[in-house]
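Peer 1: Can you keep this structure in mind? I'll have questions shortly.
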Amino acid sequence: MGEIKLFQICYEGELTLGVSQAMRRLGAEPNFDQSWQVWLPEGRHAAALVRYLRANFADDSRLLIGCIQFTMSRDFLLVRHSLTPDADYSELHDAIARLGDVIPLPFESTFVIQSPDCTDVQTLGRALGELCPDDSLMVAGISHDWAFCTDGTSRMYVVAGEVNQYPQFRAF
């Protein structure tokens, strides 16, 4: 029997019937504000999931999918908060920036951080939750297998080599 992987799906945009139906067809289960998790066979990758789902989303929506990494030596941290109108997230965003290198992505409430901090995600979540104005926060460790789609263009993370240590993305 083959291994399976858990993928975290984060969506920013209008939640339509098409989005809900796409998640249901995929077998994804909701686990946070406009976020889902899905278990898939080991051979699956985030880029393929983005390609599959993006056809069901408006071009102005944003989608990020990352493969959950259950070890303390994770590749990245994925942090997501809700968007409560008129809430001030500046303290939370400052704390997120102190965790490490925040990858510049076009998302309002979803952050990918390359961090040397090996604190478990539950402890980080509790600490960051103290700074979240609406007490609605998700923190997960993800591997280098993540991709996103915004403005109708999909990009996947490409592991940086010794020559280029900054995050690289390939459009697909």
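The values are calculated or read from the model by the stated rules, or taken from the named source; none is laboratory data. No experiment lies behind these values; they were computed from the predicted model shown. Here the Cβ is made from the backbone with ideal geometry for all residues, glycine too, and neighbour counts use every protein chain on show. Heads up: the accessible areas ignore ligands, DNA and RNA and are worked out on the full protein's heavy atoms, side chains in. Shrake-Rupley method; radii C 1.70, N 1.55, O 1.52, S 1.80 Å.
Peer 1: Along segment 111-121, what does the Karplus equation 6.51 cos²θ - 1.76 cosθ + 1.60 (θ = phi - 60°) give for ³J(HN,Hα), rounded to whole Hz, x for Gly and Pro?
Peer 2: 10, 10, 10, 8, 10, x, 5, 9, 4, 5, 5
Peer 1: Output ³J(HN,Hα) for segment 39-50: one whole-Hz value per residue in order, computed from phi by the Karplus curve 6.51 cos²θ - 1.76 cosθ + 1.60 with θ = phi - 60°, and x for Gly and Pro.
Peer 2: Values per residue, Gly and Pro as x: 8, 9, x, 3, x, 6, 9, 4, 4, 5, 5, 4 Hz.
Peer 1: Turning to a different aspect of this structure: I need the shape label for the chain. Rule: rounded when a/c is under 1.5, else prolate if a/b > b/c, else oblate, with a, b, c from the alpha carbon gyration tensor.
Peer 2: Cα axes put the chain in the rounded bin.
Peer 1: Further question: Per the 1.4 Å probe, what fraction of the accessible area of segment 39-130, in percent, lies on carbon and sulfur atoms?
Peer 2: 52
Peer 1: Would you please give the residues with an amide H less than 5 Å from that of SER61, counting only those at least 5 places away or on a separate chain, with H modeled from the backbone geometry?
Peer 2: Result for SER61 returns ASP151.
Peer 1: Express the accessible area of segment 28-172 per residue in Å², computed with a 1.4 Å probe while the remaining protein chains stay in the model.
Peer 2: Values: 7700 Å² over 145 residues.
Here the residues of segment 28-172 average 53 Å² of exposed surface.
Peer 1: Related question: Which residue, LEU105, LEU17, LEU128, tops the fluctuation ranking in a GNM of the chain built on C-alpha contacts under 10 Å?
Peer 2: Top of the fluctuation ranking is LEU17.
Peer 1: Here's something else I'd like to know. What are the ³J(HN,Hα) values, in whole Hz, obtained from phi via the Karplus relation 6.51 cos²θ - 1.76 cosθ + 1.60 with θ = phi - 60°, for each residue of segment 59-67 in sequence order, with x given for Gly and Pro?
Peer 2: These are the phi-based 3J(HN,Hα) values: 4, 8, 7, 10, 9, 10, 10, x, 7 Hz.
Peer 1: With contacts defined as alpha carbon pairs under 8 Å and 6 or more residues apart, what's the relative contact order of segment 19-172 in percent?
Peer 2: Relative contact order, segment 19-172: 28 percent.
Peer 1: Okay, next question. Please compute the modelled spin-label separation between ALA97 and SER73, points set 7 Å along Cα→Cβ, answer in nm with one decimal.
Peer 2: 3.1
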